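What follows is a set of notes on a single structure, which appears directly below.
Read-outs throughout are calculated quantities, based only on the coordinates presented, and are distinct from any laboratory measurement. All figures in this text were calculated on a predicted structure; none of them were measured in a lab.
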Amino acid sequence: MSSTKIPGWAYLFVGLVVLFVSLYLNYQKMLVFILFGIVFIALGLGKIIFAKRKAPPNPQKPAKYCHFCGQLLAAQAQFCSRCGQQSIVKSSAHPALR
Ligand SMILES: [Zn+2]
């Protein structure tokens with residue numbers, strides 16, 4: 001079975017359960033399981049923090065404007081969405097205002 005799709009909260013949950021059960025049963029004999037639980041909690045927290053840092057909603061892409069009408073285009077656009085001209089100008093500078 002693959003474990004690539006396990007979310008962070010699942011690690012947290014398993015870690016907490018292992019930690020509390022081992023604490024409840026016998027603190028000294030279950031020391032390995034307590035460490036195991038702590039490792040799982042750390043993994044879960046790390047996954048959650050990493051997932052939140054990852055994937056910013058709006059990554060900055062270089063702006064591109066239509067050479068003919070000044071329409072703001074997507075960076076990968078081949079043709080202007082407004083006038084249909086081929087977009088050849090790739091610049092962050094805004095063209096002359098209409
Ligand atoms: Zn245009």
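The phi torsions of the range 32-43, fed into the Karplus equation with coefficients 6.51, -1.76 and 1.60 and a -60° offset, translate into couplings of 5, 6, 5, 4, 4, x, 5, 4, 5, 4, 4, 4 Hz, rounded to whole numbers, with Gly and Pro shown as x. Computed from backbone phi, the HN-Hα couplings of the range 8-22 come to x, 5, 5, 4, 4, 4, 4, x, 5, 4, 4, 5, 5, 5, 5 Hz, rounded to whole numbers (Karplus: 6.51 cos²θ - 1.76 cosθ + 1.60, θ = phi - 60°; Gly and Pro given as x).
The amide H of Leu73, built 1.01 Å from its N in the peptide plane, has Lys64, Tyr65, Cys66 as neighbours under 5 Å, considering only residues 5 or more places off or on other chains.
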